[in-house]
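Let me begin by presenting the structure, written as structure tokens, before commenting on it.
The values are calculated or read from the model by the stated rules, or taken from the named source; none is laboratory data. Quantities reported herein were computed from a predicted structural model and do not represent experimental measurements. Cβ placement follows ideal geometry from the backbone for every residue including glycine, while neighbour counts extend to all protein chains displayed. Accessible surface areas use protein heavy atoms only, side chains included; no ligands, DNA or RNA. Shrake-Rupley method; radii C 1.70, N 1.55, O 1.52, S 1.80 Å.
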Amino acid sequence: MTIKSALLATGLAIALFTAAASQAQTEMLDQVVAIVDDDVVMASELRERVQTITQTLQARGVELPPEDVLIRETLDRLILESIQLQMANRVGVRISDAQLNAAMERIAAQNRMGLDEFRATLEQEGQSYAAMREQVRREMTIQRVQSGNVNQRIQITEQEVMNFLRSAEGQKVAQPEYRIVHALLPLGSDARASEVAEAEAFLQQLLVRIRGGEPFDQVISDSTDEYQFSGGDLGWRKLEDLPSLFSEVAPELAAGETSDPIRSPSGLHLVHVLDLRGGEQVVSQTRVRHILIRPSEVMSSEQAEALATELKARAEAGEDFADLAREYSEDIGSAQEGGDLGWTSPGQMVPEFETAMAETEVGEISDPVQSQFGWHVLEVLERREQDMTQEAIKARATEVLHQRKYEEELDAWLRKIRDEAFVDIK
């Protein structure tokens, strides 16, 4: 089995390592090809990278550039990597083993394997898992250095967002996207009425299972040999990019819903909306205030919990919660506001806080709950359903503009650090 090249979540391409260099290369004496500030690029490193790039391009069917161009561009890339890795070392950027393990698991999953199977397959192909792991660590380190330096150079104003949303591209960004999976039961346009009725009855049986909670793809794949389905996952698409047959029914379906059978000249279709993003977004919000007690060198976690319990009792006995928050809460951001955190949406708070908030009725005070920040006592003031559609659209527009500016600023920043570095090519 040949492992596909994969992409890390960071978006950096990870090319699979090739077998060891040839014996002729092994016998060559290594030498320095470039001095980069306090580091060097070795000839062996350059040869290995050129070989990796060559094999990757050949596997993709891409025409190779002239050898001198390939070597020069590869050396430039290694020089830039060295500069960035030295920057990472100076500021203490570290990729933990847990982060690296998670990245390797993502790469294995992208190749539809578990990590152990992925490692075994690499070894069968004569490739080094340890070497690939270190290359992934380098790429993640570089990405973190780039992100930290480039993001601070990017500013997006409210006016830029509004101008973008008024453009044709921005209006398309504002449209909802559908993840459509469909199944086609082939049935000719000249099929007899009885055949159509039998097929529709069969699909209705499947719909009962799907609407009863069974996964769409599982129900379709488990169907009998009497009917063979075609179709599949169309991926994420705007409404205008969907086939007309699907664009008519998709807006009527919520995420997870399946259409009734739809007749076309090709047969009978079942349209399933696997997921939906960007449409109307109404979220449940909670207005809450809290008191935070942090354990410290002079207060153990048990003592902090006891104080939180005492404060809850005092609030329930009639003392003003806001006054208690101003006096005792160690959340600097909310203490002077009487502990008021304003309206919060799902995902804004740490999980323990959100669970306690959801389980507490309006007007009630929770038992003390522990999070990574300490012990909380919280009071739920109000709940509401809030339309966040426009906010979500602006967030998507901001993301598009940010990514566009990021690429521009990254190119400028890379040129800057290259110009400022001491580089001596031998």
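Take the range 147-199 and flag every residue that is in a helix (DSSP H, G or I), modelled with pLDDT of 90 or more and either crowded, with 16+ Cβ neighbours inside 10 Å or touching a His at 6+ places or on another chain (Cβ under 9 Å) (or both). Of everything in the range 147-199, those that are in a helix (DSSP H, G or I), modelled with pLDDT of 90 or more and either crowded, with 16+ Cβ neighbours inside 10 Å or touching a His at 6+ places or on another chain (Cβ under 9 Å) (or both) turn out to be Asn149, Val150, Asn151, Val161, Phe164, Leu165.
Hey, does the range 288-296 have a residue that's open to solvent by 70 Å² or more (accessible area, probe 1.4 Å), more than 23 Å from Tyr178 (Cα to Cα) and at pLDDT 90 or above?
Looking for residues that are open to solvent by 70 Å² or more (accessible area, probe 1.4 Å), more than 23 Å from Tyr178 (Cα to Cα) and at pLDDT 90 or above, one finds at least one in the range 288-296, hence yes.
Give me the residue from the range 208-235 that is surrounded by fewer than 16 Cβ atoms within 10 Å (Cβ to Cβ) and in contact (Cβ under 8 Å) with a residue 40 or more places away in the chain and, out of that set, nearest to Asp275 (Cα to Cα). Looking at the filtered set, the residue picked out is Gly235. Confirm whether Arg277 is among the charged types (D, E, K, R), at pLDDT 95 or above and either touching a strand residue (DSSP E or B) at 6+ places or on another chain (Cβ under 6 Å) or surrounded by fewer than 17 Cβ atoms within 10 Å (Cβ to Cβ) (or both). So Arg277 fails the test.
Quick grid of which residues meet (1) in contact with a Lys or Arg (Cβ under 7 Å, 6 or more places away or on another chain); (2) closer than 29 Å to Arg415 by Cβ; (3) surrounded by fewer than 14 Cβ atoms within 10 Å (Cβ to Cβ):
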{"residue": "Leu57", "(1), (2), (3)": "no, yes, no"}
{"residue": "Thr74", "(1), (2), (3)": "yes, yes, no"}
{"residue": "Arg90", "(1), (2), (3)": "no, yes, yes"}
{"residue": "Ile107", "(1), (2), (3)": "no, no, no"}
{"residue": "Asn111", "(1), (2), (3)": "yes, no, no"}
{"residue": "Leu122", "(1), (2), (3)": "no, no, no"}
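For the range 392-424, give me each residue that is open to solvent by less than 40 Å² (accessible area, probe 1.4 Å) and either within 18 Å of the chain's Cα centre (by Cα) or within 28 Å of Gln159 (Cβ to Cβ) (or both). Listed by number, the residues that qualify are Ala392, Ile393, Ala397, Leu401, Tyr406, Leu410, Ala412, Trp413. Of all residues in the range 272-300, those satisfying the criterion of being outside any strand (DSSP E or B) and either under 31 Å from the mean Cα position of the chain (by Cα) or among the small types (Gly, Ala, Ser) (or both) are Gly278, Gly279, Glu280, Gln281, Ser296, Ser300.
Take the residues in the range 59-70 that are assigned to a helix (DSSP H, G or I) and modelled with pLDDT of 90 or more; name whichever of them is surrounded by the most Cβ atoms within 10 Å (Cβ to Cβ). The qualifying residue surrounded by the most Cβ atoms within 10 Å (Cβ to Cβ) is Leu70.
Which is touching a helix residue (DSSP H, G or I) at 6+ places or on another chain (Cβ under 6 Å) and basic (Lys, Arg), of Arg396, Arg384?
On the way: Arg384 fails: touching a helix residue (DSSP H, G or I) at 6+ places or on another chain (Cβ under 6 Å).
Going through Arg396, Arg384 in turn, the sole match is Arg396.
Go through the range 319-376 and tell me which helices (runs of 4 or more DSSP H), entirely inside it, have 1 or more residues that are out of contact with any strand residue (DSSP E or B) (no Cβ under 6 Å at 6 or more places or on another chain), within 11 Å of Arg289 (Cβ to Cβ) and in contact (Cβ under 8 Å) with a residue 60 or more places away in the chain. Passing ranges: none, list empty.
Of everything in the range 251-277, what is over 24 Å from Val196 (Cβ atoms) and of a type outside the set (Asp, Glu)? Give them in sequence order. Matches in the range 251-277: Pro251, Ala254, Ala255, Gly256, Val273, Leu274, Leu276, Arg277. For the range 329-345, the condition of being under 23 Å from Ser284 (Cα atoms) and hydrophobic (A, V, I, L, M, F, W, C) holds for at least one residue. Among the residues making up the range 240-256, a single one is farther than 27 Å from Ser189 by Cα and either among the acidic types (Asp, Glu) or surrounded by 14 or more Cβ atoms within 10 Å (Cβ to Cβ) (or both): Gly256.
Collect the residues in the range 83-108 that are acidic (Asp, Glu) and touching a helix residue (DSSP H, G or I) at 6+ places or on another chain (Cβ under 6 Å), keeping them in residue-number order.
Looking only at the range 83-108, we keep the residues that are acidic (Asp, Glu), and these are 97, 105.
Of everything in the range 83-108, just one residue is acidic (Asp, Glu) and touching a helix residue (DSSP H, G or I) at 6+ places or on another chain (Cβ under 6 Å), namely Glu105.
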